[in-house]
Amino acid sequence: MPGSLNLEYIFVQAYQTVSSVSIDVTSLPAWGLVLIQIVAVAGVVTAVLLLVATVYVHIRTLQVEHAGFHALEAAYHAAHGHAPSHAKNPRWEGVSQLASSPNESDWRRAILEADSMLATLLTEHGYMGESLGEQLKNANPLQFTTLDIAWEAHRMRNAVAHMGDAFPLSERDVRATIDQYRRVFEEFDYI
């Protein structure tokens, strides 16, 4: 088992290294050694408290930034006379109808249309990128809390678009994917 930490030795070695003066620890008064230990312990406690405070401030700053982003966005839309935030989106109504259809071809169209709506949404909100995939890569997860869900839905769209009829699509898959798009759109008050 290792011994206890000898702070006196550490301070003496540090002082000797910096000042090139040799110190005999036995010549120091006892109160001086106690004072050095008190200062060392106080320094460690202060460092830990500052670390905790720094982490707290960082987390809190991110939370405020996130809330401020959405408040600024809402103010922008209100100032420019955009429709109320909870207005129904006619495109979404069409997607819902296609997804409810018994035809697999309608399900595929529903997914493709929902993905197109997502691309429009991200472009309107200023997300940069040549494609939807790039816009999602460039998105800040602190300002886009459903980012992972959007990625899952977009991957399904890619499978449907690139594999066509060769990709087996079940009613369950369609419902899950449309629900993912719905959650993303609701975060942005798009539907």
If you project the alpha carbons of the chain onto the principal axes, what extent comes out on each, in Å, largest first?
93, 46, 27
Report the charge-dipole magnitude of the chain in Debye, nearest 20, computed about the Cα centre from +1 at each Lys and Arg Cβ and -1 at each Asp and Glu Cβ.
180 debye
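Tell me the net charge near Leu147. Cut-off is 12 Å between Cβ atoms, Leu147 excluded, with +1 for each Lys or Arg and -1 for each Asp or Glu.
-1
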What residue among Val174, Ala119, Thr17 has its Cα farthest toward the positive end of the dipole of the chain, where the charges are +1 on Lys, Arg and -1 on Asp, Glu, each on the Cβ?
Thr17
In the Gaussian network model of the chain, springs joining C-alpha atoms below 10 Å, which of Thr120, Thr146, Thr177 carries the largest mean-square fluctuation?
Thr120
Can you give the angle from 0 to 90° between the axis of helix 147-163 and the longest principal axis of the chain, with both taken from C-alpha atoms, to the nearest 10?
40 degrees
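Placing +1 at every Lys and Arg Cβ and -1 at every Asp and Glu Cβ, with all other atoms neutral, what dipole size does segment 90-187 have around its Cα centre, in debye to the nearest 20? Intermediate values should be presented prior to the final figure.
On the way: 10 positive and 16 negative charges, 14 e Å.
About 60 debye.
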Based on alpha-carbon positions alone, could you give the equivalent ellipsoid semi-axes of segment 90-187 from the gyration tensor, as √(5λ), descending, whole Å?
23, 14, 11
I'd like the distance separating the alpha-carbon centroids of segment 97-116 and segment 175-189, in whole Å.
14 Å
May I ask for the angle, rounded to the nearest 10°, between helix 7-19 and the longest principal axis of the chain, with both axes built from Cα atoms and the value confined to 0 to 90°?
80 degrees
Relative to the longest principal axis of the chain, what angle (0 to 90°, nearest 10) does the C-alpha long axis of helix 104-124 take?
50 degrees
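Every number here is computed from the coordinates shown, using simple stated rules; none is lab data. Note that the coordinates shown come from a computational prediction; the quantities given were computed from them, not determined experimentally. In this analysis, Cβ positions are derived from the backbone assuming ideal geometry, glycine residues included, and neighbour counts consider all displayed protein chains.
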